[in-house]
1. Lysine pairs in segment 279-425 with alpha-carbon atoms under 27 Å apart, 8 or more places apart or on different chains: how many are there?
2. Starting from the Cα-Cα distance between ARG438 and ASP271, subtract it from 0.36 nm times their residue separation and give me the gain in nm to one decimal.
3. Counting DSSP beta bridges in segment 279-425, what percent are antiparallel, to the nearest 5?
4. State the antiparallel share, in %, of DSSP beta bridges confined to segment 372-452, rounding to the nearest 5.
5. Applying a 10 Å radius around every beta-carbon, put 300-310, 266-276, 39-49 in order of their mean neighbour count, most first.
6. Starting from 0.36 nm per residue, how many nanometres of slack lie between ASP320 and ALA399 once their C-alpha separation is accounted for?
7. When the accessible area of segment 233-319 is computed with all protein chains present and a 1.4 Å probe, what percentage of it is carbon and sulfur?
8. So if R0 is 35 Å, what FRET efficiency would ARG84 and SER37 give, r being the distance between their Cβ atoms, rounded to the nearest 0.05?
Amino acid sequence: MVRNIVVIGGTSHPQLTQTICDNLGIPPASVLLSKFSVGETRVEIHESVREKDVYIIQSGGGKVNDHLIELLITISACKTASARKVTAVLPLFPYSRQSDIPYNKSGAPLVKSTLQSSSFTFDSIPPTPYPEKIESSSLVNGIDCLQNHLTNAQIDDRDSATSNGIRHPCVNGAKRRDTLDSTRSENSHFQANSLPATPGIPNSNGTPHEEAINARAASSLSIIQAFEPRPGYRQWVAQAGTLVADLLTCAGADHIITMDLHDPQYQGFFDIPVDNLHGRPLLRRYIQRHIPEYRNAIIVSPDAGGAKRATVVADSMGMDFALIHKERRPIKSSDRQNATMMLVGDVRDRIAILIDDLADTSNTITRAAKLLKKEGASQVYALITHGILSGDAIERINASVLDKVVVTNTVDQEENLKKCPKLEVLEVGHVFAEAIRRVHHGESISVLFQYD
């Protein structure tokens, strides 16, 4: 039994809170977590936390925003109640997939597509063009289309002006470039000394050159006005990384304990200690105990971003490694952004084990499984640390060629287990309980990062 410690469980994962408390030999603290009728979060702590170490367990699955606000209010309440130290235990860190620096990356759609079909094909859309096939079209109503229209308009104007004997002004022998700014400047210069002209009827000061410039400006302006960004176009990516880190720190958190951050750089956003535990030892133990002749199997990373994560497991177990190269290509904004996949490695007549840190809509792992089966893999396992499994993920897994999907219970999987016979859950409560015990007594937690 650990003394002078209080464990508070949020509403995101009560089962994990109870498991951690059972391993520590203490009961969970008595708290009231509810909502007012308007939707505001209500937190009441029914026991003393004065001069005690408080550990608040709240995962990032389910209603992420509600759970995050609930965690912040609970941290603030404990600090106000004179807690000596407040540690936020986040098995799945919320907003960990949103990088602090904007970059071009496509993930799960913001909302479920309205054009969903009843069956899943797990194919790349659009497919990679073969030598005999024409190249796929670019963004619909996008920048490339606009540039092509502007270029064609400039060429047509240049040809028509040349046929009428009109020459553009030159500087040092070089032709002045017909841009929208130059066209507007020329147009405004001529209109300043002339009356408004009616289309097709020259005014008193009108010349063929002025009419050509006016026509060219009107044509270019109509093209610009006709352009509209496609739905879902993002002009800026919010910096949610440092924001969430600052919110936790300002609320009063003194320490963060989490597992398998999607972006390891996230630890640098905090001014307080962050312990990023690994779920790889659990996955490694599962491979050794439940996959027959696992040394003849092959570890596969579903994308290049997770190659390092997968190679660590492969190297520690002396297994071969393969990689799936994924190239995302834009398609219709109402559909998912799929990617063309290519396997690097030999999986024929072998058990393929996909290793990844999280699965949200399961689009990546199901399409990777289809590719592995097509390349001759006898069985395909998917070992995931965080099984978010939102949207139609369960239906997608059931319809896929995956033989088994293994996740940890950093996110509550009670409902998913009832719907998916392929799903298997590994317990992580004892890992967080041991981390809490060692942090509370000031011991090293490096043993939790070891595989043996």
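The values are calculated or read from the model by the stated rules, or taken from the named source; none is laboratory data. Owing to the predicted nature of the structure, the values given are computational and were not obtained by experimental measurement. Quick reminder, even Gly has a Cβ in these numbers, built from the backbone with ideal geometry, and neighbours come from all protein chains shown. The area values use the complete protein model at the heavy-atom level, side chains included, leaving out ligands, DNA and RNA. Shrake-Rupley method; radii C 1.70, N 1.55, O 1.52, S 1.80 Å.
1. Here the count comes out as 27.
2. On the way: separation 167, 0.36 × 167 = 60.12 nm, distance 2.12 nm.
Going from the current span to full extension adds 58.0 nm.
3. 25
4. Working: 1 of 9 bridges.
Restricted to segment 372-452, the bridges split so that about 10 percent are antiparallel.
5. The packing order, highest mean first, is 300-310, 266-276, 39-49.
6. Values: separation 79, 0.36 × 79 = 28.44 nm, distance 2.81 nm.
Full extension from ASP320 to ALA399 adds 25.6 nm.
7. Numbers: 1960 of 4040 Å².
Exposed carbon and sulfur together represent 49 percent of the surface.
8. Values: r = 35 Å, r/R0 = 1.01.
With R0 = 35 Å, the Cβ-Cβ based efficiency is 0.50.
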